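The structure appears right after this line, and notes come after that.
The values are calculated or read from the model by the stated rules, or taken from the named source; none is laboratory data. Since this is a predicted model, take the numbers as computed values, not measurements. Methodologically, a virtual Cβ is constructed for each residue, glycine included, from the backbone with ideal geometry; neighbour enumeration extends over all protein chains shown.
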Amino acid sequence: MNIVPKIKCLIVENEPSAQELMLDFVKSTPSLTLVGVASNAQEANQLCVTKKPDLLLLDVQMPRFSGFDLLEMLPKPVPLVIITTAYKKYEYAIKGIKFAVVDYLTKPFDYKEFSDAVQKVELQLGVKRSDFDAGIQESHIEKSSRILTVKVDRVDKDIPIESIIYLESADNYVKIHLLNAAKNSLITKVTMKELASLLGNTEFVQINRSYVVKINQVKKVTSTSVRLASGHDLPIGSSYKSYIKDFFAYLTSSI
């Protein structure tokens with residue numbers, strides 16, 4: 001059996017919270033293998049020379065030198081590029097034509113958006129994700145189907161992860177608030193800790209003891225609350241304030 005090499009990717013991102021999110025996304029993508037993480041253009045330039053990545057997951061706004069400054073520094077041909085930015089993609093589309101920019105991800109983005117962008121890279125490199133899927137073990141949350149299965153009234157209920165807005169705990173129960181569903185919420189007998197651990201921290205973040213929110217649903221963050229795209233304003237717990245401020249620091253310019 002022929003062994004298909006994975007796509008070597010380098011994360012170039014200066015915000016620690018965004019780095020952590022990208023690391024989780026890369027680990028969840030079977031066709032990718034991480035060769036390094038850089039916090040600035042100088043580090044990224046050195047890693048590109050030594051590690052020779054196939055793909056750059058590249059933040060545009062960085063101290064001193066921008067992501068496009070980095071692309072100018074690199075010897076040709078440059079790796080394929082997925083731009084990650086807090087700005088709208090049209091602001092960089094013309095610059096991107098000069099380089100091998102495959103796609104643009106506007107922060108905050110979720111795993112599905114990330115995965116769709118990587119699939120464009122796979123297509124350009126002639127890589128089939130199915131070549132890697134056999135090695136992935138099944139879990140309670142299926143990565144391929146993006147479904148969370150929980151018990152509702154003693155019956156298994158499949159919930160598309162993309163439809164979840166936020167989770168609200170009440171003792172040993174959790175109310176799952178949904179987007180564009182016949183019922184805008186479901187209640188399951190499970191603790192918040194158990195359910196949050198199933199979903200992981202790649203697409204969701206806990207803002208207090210009672211609420212876990214979908215990252216890409218967050219539209220505004222203040223010192224005391226988080227506003228979601230649905231219009232819900234949810235309070236930030238006092239012990240979570242510092243973490244939430246750092247976590248959403250890379251959104252500051254877009255909220």
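Mind listing whichever residues of region 106-122 are modelled with pLDDT under 90 and hydrophobic (A, V, I, L, M, F, W, C)?
Phe109
Quick one: which of Ser197, Ser230 is assigned to a loop (DSSP other than H, G, I, E, B), within 18 Å of Val174 (Cβ to Cβ) and within 22 Å of the chain's Cα centre (by Cα)? Spell out the reasoning first.
Working: Ser197 fails: assigned to a loop (DSSP other than H, G, I, E, B).
When all the criteria are applied, what remains is Ser230.
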